[in-house]
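As structure tokens, the structure follows; a few thoughts come after it.
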Amino acid sequence: MTALPRSPDFRLENRRALVTGGSRGIGFAAAVALARAGAQVWLVARQAAQLREAAELAATDGLILHTVALDITDTAQVADTLAGLPDFDILVNSAGLARHQPFLEVSEENYDAVMALNLRATFFLSQQVTRRMKQRQIAGSVIHISSQMGHVGGPDRSVYCASKFALEGLTKTMALELGEAGIRVNTLCPTFIETELSRENLASPAFSRYVLDNIKLKRLGTLEDVMGPVVFLASSASALITGASLMVDGGWTAT
Ligand SMILES: NC(=O)c1ccc[n+]([C@@H]2O[C@H](COP(=O)([O-])OP(=O)(O)OC[C@H]3O[C@@H](n4cnc5c(N)ncnc54)[C@H](OP(=O)(O)O)[C@@H]3O)[C@@H](O)[C@H]2O)c1
């Protein structure tokens, strides 16, 4: 043994992060975690008032979060807006929605709405951000907030699962194509966490029972549960990890 291995570096000073869906829920938790680790963070969401509230809340802990009101399904607007923002080292794609219905009843409207945000908007925003990372020779990290439902089926979740499985496939190919530029692309796959997206479902005792029956650690996820994994994937502590899915699912998919 000649040299002591260096400890991994989880700090993110001098790095800029863009977090879609950053005004609340998992995106906001990711943004706070990145800012606490030293990154400069920009939040993206549609509702300016909620973005403002998020930034004000973070400021109570001394964190500065920049805000960008933007509907990311409008790809032309995304390109215009990104042109006015700095280069990013970290991209967290958390904006997403769910419209659960039995497969035989899924409407075209719900299919289109879910796919437009969870897949199409994420796809083209990631294309814009990573194109610039490559041009500027930034060895960046892209983190798609996928789901355990990107790995297994779930009741009434045909469209949601289709969108998240697609995100998993996108991740693999982005990792293959962008690896040479030093850009890493991974997914983070949470189980159920109580947020605006999941609250209504979790309010049903039968559904809650189904969820807790499947989570081996016998509790729901919390926003704090995603914060460490986000910092890990964003930082050089995960320098050789790309094209991977980090399950934050309490063991749901272990069976
Ligand atoms: N909660 C869970 O149990 C769970 C589990 C696994 C995976 N996930 C995934 O985690 C991600 C975040 O979910 P969440 O539970 O945190 O949801 P959430 O609380 O509903 O937050 C969604 C965020 O996305 C933003 N957003 C929605 N449409 C947008 C658009 N067109 N353009 C820009 N921003 C938009 C929302 O702000 P505006 O409405 O102001 O735009 C909000 O900031 C999603 O991808 C979801 O699929 C969630």
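Tell me, what % of the accessible area of the stretch 16-248 is carbon and sulfur with a 1.4 angstrom probe?
On the way: 5710 of 10700 Å².
Exposed carbon and sulfur together represent 53 percent of the surface.
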Applied in sequence order to the stretch 216-226, the curve 6.51 cos²θ - 1.76 cosθ + 1.60 (Karplus, θ = phi - 60°) yields integer Hz couplings, x standing for Gly and Pro, of 5, 7, 6, 8, 5, x, 10, 4, 4, 5, 8
If you average the C-alpha positions of the stretch 77-95 and of the stretch 161-206 separately, how far apart do those two centres end up, in angstrom? 19 Å
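Taking the chain on its own, what percent of its Cα-Cα pair distances exceed 30 Å?
24 percent
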5 angstrom amide H check on Asp249, placed H, neighbours 5+ away: Thr191
Read phi for every residue in the stretch 135-144 and hand back ³J(HN,Hα) as whole Hz from Karplus 6.51 cos²θ - 1.76 cosθ + 1.60, θ = phi - 60°, with x for Gly and Pro. 4, 8, 6, 9, 7, x, 10, 10, 10, 8
With every protein chain kept in place and ligands, DNA and RNA left out, what is the accessible area per residue of the stretch 16-248? Probe 1.4 Å, answer in Å². 46 Å²
Calculated from backbone phi, Karplus (6.51, -1.76, 1.60) coupling profile of the stretch 204-213 in Hz, x at Gly/Pro: 7, x, 5, 5, 4, 5, 4, 5, 5, 5
Helix-derived [θ] at 222 nm for the chain: sum -39500 (n - 2.57) over DSSP H runs of at least 4, divide by residue count, nearest 500? -12000 deg cm²/dmol
Which aspartates and glutamates, on any chain, are close to Lys216 with Cα under 12 Å apart, when same-chain ones fewer than 8 places away are left out? Asp249
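Using only alpha carbons, build the gyration tensor for the stretch 103-255 and give me the equivalent ellipsoid semi-axes, biggest first, whole Å.
So the three semi-axes of the stretch 103-255 are 29, 19, 12 Å.
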Ordered by number, the GluC sites (Glu not before Pro) in the stretch 1-97 that occupy a DSSP loop and have at most 14 other Cβ atoms within 10 Å are Glu13
At 1.4 Å probe size, put Arg131, Arg157 in order of accessible surface, largest to smallest. Arg131, Arg157
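The values are calculated or read from the model by the stated rules, or taken from the named source; none is laboratory data. Note that this is a predicted model, so its numbers are computed, not measured. For neighbour counting, all protein chains shown are included, and Cβ atoms are generated from backbone atoms with ideal geometry for every residue, glycine included. Quick note on the areas: whole protein, heavy atoms, side chains included, nothing else; ligands and nucleic acids left out. Shrake-Rupley method; radii C 1.70, N 1.55, O 1.52, S 1.80 Å.
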